[in-house]
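Here's the structure, in structure tokens; my notes come after.
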Amino acid sequence: MSTHSSTESTENTAPTSTPVTTAQAAQDLASRGENRSQRPSSDAFREFIASGWDETVPDASPRPATAVTPARRDALVRRLPGTRIVLPAGPLKVRSNDTDFPYRPDTSFVYYSGLGTDEEPDSVLVVEPDPQRDGGSKAVWFFRPRAGFDTPEFYADSRYGEMWVGRRLTLTEAEQALGIECRHIDELRDALAKNLGDQLTLSVMPGVDAAVEEMVQQVRTENHVQADDSALAEAASEQRLVKDEYEISQMREAVDATIRGFEDVVRRLPEAIGHRRGERVIEGVFARTARADGNGVGYGTIAAAGDHACTLHWVRNDGAVREGDLVLIDAGVEVDSLYTADVTRTLPVGGRFSPAQRRVYEAVLEAADAAFAVARPGVLFRDIHATAMQVIARHLEEWGLLPGTAEESLAPEGQHHRRWMVHGTSHHLGLDVHDCAQARREMYLDAELRPGMVFTIEPGLYFKENDLLVPEELRGIGVRIEDDVLVTADGVENLSAALPRRVEEIEAWMAALRGPSTPTTLAP
Ligand code: GLY
Ligand code: MN
Ligand code: MN
């Protein structure tokens, strides 16, 4: 990385062995990063760098989500009447010293603003009832607009400057892009305080930006208003339980890109087999598709070969990938609008399942198929899991693994079968991989399925290699099959159906992608 320094500084060329002078000792630690800067500060330089640039302002066309965000905001203010709603994008997060993690704005901010990718740290969307329109909303986006070529920000600010982070939006461009009023972030505090009182309170999305939360708290105290911020988090989560048409189109794109990522992984599986950390090779191959076709991965890719598949969130991915083993790959592409897929396939590394692997795989597949068969509008979300568990428990009973019958295990006071599948079968999916997480239980687990819901079906069985209760031939086998499902008017659509999931289809698909020289070693 090149040397970054964000502010003007004097030169310091002293070698590290020079005795500490009083002036150096007095320099505070926060500004020591400037000590590597040799940026010119002459008037001649300042004048020169401010001149000779094309001043044409590009046209900003409306963002793809701009057509759908007004209805989302209207629905939110109807749910929280008399509330000015503050939705921070969130700050950058430090990775180390003065470098940050890639920026990802907060999910609620994205949903109600229509912004995506890495826009726009520290900005804030404010939504409130529109007195001119009964049941309607109005919104203002407060952000730090682009500064001109004649400002030090242009060349000397590594956080916001155009020479460092690229061209950012002007207020006018932002208004064209989002279809709402836009103002400088410095105006936020006064705007939050305006007209608060009996008819209007102030609420902020909790847990996103501590500085904005503190500002909101101060403004509330000064204006003697109160609000329950958890009600806002709950409302935003529950509003996303049913996806609009735009969201469904984005989910389709995310799933399609994810399928391409899985195809790439299979094509390049021989490289993984030949590498001492083949799981990392798989992670890297998928990440390439995710980054090239979308914004990136929607969560840490799990590439888990052999016994690692039994560690449910195996993201270290530092193991070898051996012929004869299964490899569980749980990965999802997040597209530029920040919707993510969440798909798992468990593949035979050598291209063919062994009889023991196949036995476990087909039990899990049967559980998934049973869950698909019951899923339709009106069915309770919790019953998808219950259906999958009936199949899992029955197989475990057949294999003699349960201490009693499947029926006894399925009773609330039993649950022995869960030793081999401790996770749930389904979760909502969307902008967050575990979407709608602040929804109430009666709106999530205990709710009826409704058209437009998108969730996963992902049963599994995990027989750890140190599990003395399972026969040796099953130890070290972990299987999960995860698909992304859209509830339709009369059933469900498997959005990830194009990715093979039956044994014969997987073997044929792998053979076709890997060509005629594909190794076909069977596990012993
Ligand atoms: N990838 C996390 C999950 O499947 O829920
Ligand atoms: Mn999942
Ligand atoms: Mn997953």
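The values are calculated or read from the model by the stated rules, or taken from the named source; none is laboratory data. Just so it is clear, the structure is predicted and the values come from calculations on it, not from any experiment. No Cβ is skipped: glycine too gets one built from the backbone with ideal geometry, and neighbour counts run over all protein chains shown.
From the residues in region 314-373 that are of a type in the set (Gly, Ala, Ser) and part of a helix (DSSP H, G or I), which one is farthest from ligand 3 (Cβ to nearest atom)?
From region 314-373, those of a type in the set (Gly, Ala, Ser) are 319-320, 324, 331-332, 337, 341, 350-351, 354, 356, 363, 367-368, 370-371, 373; that's our starting set.
Filter again for part of a helix (DSSP H, G or I), leaving 356, 363, 367-368, 370-371, 373.
On the way: 356: 24, 363: 19, 367: 16, 368: 13, 370: 19, 371: 15, 373: 21 Å.
Out of the qualifying residues, it is 356.
Is it true that some residue in region 196-203 is farther than 19 Å from residue 128 by Cα and surrounded by 16 or more Cβ atoms within 10 Å (Cβ to Cβ)?
No, region 196-203 contains no residue that is farther than 19 Å from residue 128 by Cα and surrounded by 16 or more Cβ atoms within 10 Å (Cβ to Cβ).
Which condition number does residue 383 fail, the rest of (1) within 14 Å of ligand 1 (Cβ to nearest atom); (2) part of a helix (DSSP H, G or I) being met?
Looking at each condition in turn, residue 383 falls short on (1).
Which members of region 34-54 meet the condition of being in a loop (DSSP other than H, G, I, E, B) and under 37 Å from the mean Cα position of the chain (by Cα)?
37 - this is the single residue of region 34-54 that is in a loop (DSSP other than H, G, I, E, B) and under 37 Å from the mean Cα position of the chain (by Cα).
Could you pull out the residue among 83, 99 that is among the polar types (S, T, N, Q) and in contact with a strand residue (DSSP E or B) (Cβ under 9 Å, 6 or more places away or on another chain)? So that I can check it myself, show each step before the final result.
Working: 99 fails: in contact with a strand residue (DSSP E or B) (Cβ under 9 Å, 6 or more places away or on another chain).
Within the list 83, 99, the selection yields 83.
Under the condition of being under 20 Å from the mean Cα position of the chain (by Cα) and free of Cβ contacts under 8 Å to residues at least 60 places away in the same chain, which residue from region 306-322 is nearest to ligand 1 (Cβ to nearest atom)?
Checking each candidate, the answer is 313.
Would you be able to tell me the number of residues in region 116-150 that are touching a residue at least 40 places away in the same chain (Cβ under 8 Å), in contact with a Leu (Cβ under 7 Å, 6 or more places away or on another chain) and under 30 Å from residue 293 (Cβ atoms)?
Final tally of qualifying residues: 2.
Pairs under 9 Å by beta carbon, first residue farther than 22 Å from residue 320 by Cβ and in a helix (DSSP H, G or I) in region 293-305, partner modelled with pLDDT of 95 or more and more than 10 Å from ligand 3 (Cβ to nearest atom), six or more apart or different chains?
293/253; 293/256; 293/257; 293/260; 293/261; 293/333; 293/335
Scan 147, 139 and give me the residue that is at pLDDT below 95 and among the aliphatic types (A, V, I, L, M).
When all the criteria are applied, what remains is 147.
Yes/no per residue for (1) touching a Cys at 6+ places or on another chain (Cβ under 7 Å); (2) under 26 Å from residue 194 (Cβ atoms):
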position	(1), (2)
217	no, yes
225	no, yes
237	yes, no
245	no, no
254	no, no
258	no, no
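Of 490, 484, 467, which residue is at pLDDT 95 or above and assigned to a strand (DSSP E or B)?
Of 490, 484, 467, the one residue that is at pLDDT 95 or above and assigned to a strand (DSSP E or B) is 484.
Tally time: how many residues in region 450-483 are under 12 Å from residue 375 (Cβ atoms) and either crowded, with 22+ Cβ neighbours inside 10 Å or within 16 Å of ligand 2 (Cβ to nearest atom) (or both)?
Of the residues in that region, 6 qualify.
Return the only residue of 354, 337 being closer than 15 Å to residue 478 by Cα, small (Gly, Ala, Ser) and more than 16 Å from ligand 1 (Cβ to nearest atom). Give the derivation first.
Numbers: 337 fails: closer than 15 Å to residue 478 by Cα.
Just one listed residue meets the conditions, 354.
Residue check: is residue 284 within 16 Å of ligand 2 (Cβ to nearest atom), farther than 22 Å from residue 465 by Cα and within 24 Å of the chain's Cα centre (by Cα)?
On the way: within 16 Å of ligand 2 (Cβ to nearest atom): no; farther than 22 Å from residue 465 by Cα: yes; within 24 Å of the chain's Cα centre (by Cα): yes.
So residue 284 fails the test.
Kindly indicate the residue of region 407-427 that is surrounded by 21 or more Cβ atoms within 10 Å (Cβ to Cβ) and more than 16 Å from ligand 1 (Cβ to nearest atom) and also farthest from residue 469 (Cα to Cα) among those meeting that condition.
409
Exactly one of (1) more than 16 Å from ligand 2 (Cβ to nearest atom); (2) of a type outside the set (Gly, Ala, Ser); (3) out of contact with any helix residue (DSSP H, G or I) (no Cβ under 8 Å at 6 or more places or on another chain); (4) in contact (Cβ under 8 Å) with a residue 24 or more places away in the chain is unmet by residue 504. Its number?
In the conditions (1) more than 16 Å from ligand 2 (Cβ to nearest atom); (2) of a type outside the set (Gly, Ala, Ser); (3) out of contact with any helix residue (DSSP H, G or I) (no Cβ under 8 Å at 6 or more places or on another chain); (4) in contact (Cβ under 8 Å) with a residue 24 or more places away in the chain, residue 504 misses (4) alone.
Report, by residue number, each residue of region 72-109 that is charged (D, E, K, R) and touching a residue at least 40 places away in the same chain (Cβ under 8 Å).
To start, the set of residues in region 72-109 that are charged (D, E, K, R) comprises 72-74, 78-79, 84, 93, 95, 98, 100, 104, 106.
72, 73, 74, 78, 79, 84, 98, 104, 106, listed by residue number.
Would you tally the residues in region 321-361 being aromatic (Phe, Trp, Tyr) and within 16 Å of ligand 2 (Cβ to nearest atom)?
So the answer is 1.
Out of all the residues in region 133-182, which are touching a helix residue (DSSP H, G or I) at 6+ places or on another chain (Cβ under 8 Å) and polar (S, T, N, Q)?
Once the filter is applied, which keeps residues that are touching a helix residue (DSSP H, G or I) at 6+ places or on another chain (Cβ under 8 Å) and polar (S, T, N, Q), region 133-182 yields 137, 158.
Check region 436-443 and report whether any residue there is away from ligand 1 (no atom under 15 Å from the Cβ), within 30 Å of residue 358 (Cβ to Cβ), assigned to a loop (DSSP other than H, G, I, E, B) and not polar (S, T, N, Q).
no
Look through region 415-463, keep the residues that are basic (Lys, Arg) and over 19 Å from residue 231 (Cα atoms), and return whichever of them is farthest from ligand 3 (Cβ to nearest atom).
450
Please pick out the residue among 315, 327 that is crowded, with 18+ Cβ neighbours inside 10 Å and of a type in the set (Val, Ile, Thr). Outline the logic, then answer.
Values: 315 fails: crowded, with 18+ Cβ neighbours inside 10 Å.
Just a single option satisfies the conditions, and that option is 327.
Counting residues that are in contact (Cβ under 8 Å) with a residue 40 or more places away in the chain and under 30 Å from residue 31 (Cα atoms), which helices (runs of 4 or more DSSP H) fully inside region 151-266 reach at least 2?
In region 151-266, 152-156, 210-223 are the helices (runs of 4 or more DSSP H) which contain 2 or more residues that are in contact (Cβ under 8 Å) with a residue 40 or more places away in the chain and under 30 Å from residue 31 (Cα atoms).
Cβ contacts < 8 Å: first residue under 16 Å from residue 235 (Cβ atoms), restricted to region 427-440; second residue acidic (Asp, Glu) and within 13 Å of ligand 1 (Cβ to nearest atom), any location; separation 6+ or different chain. Result?
Filtered contacts from region 427-440: 428/435.
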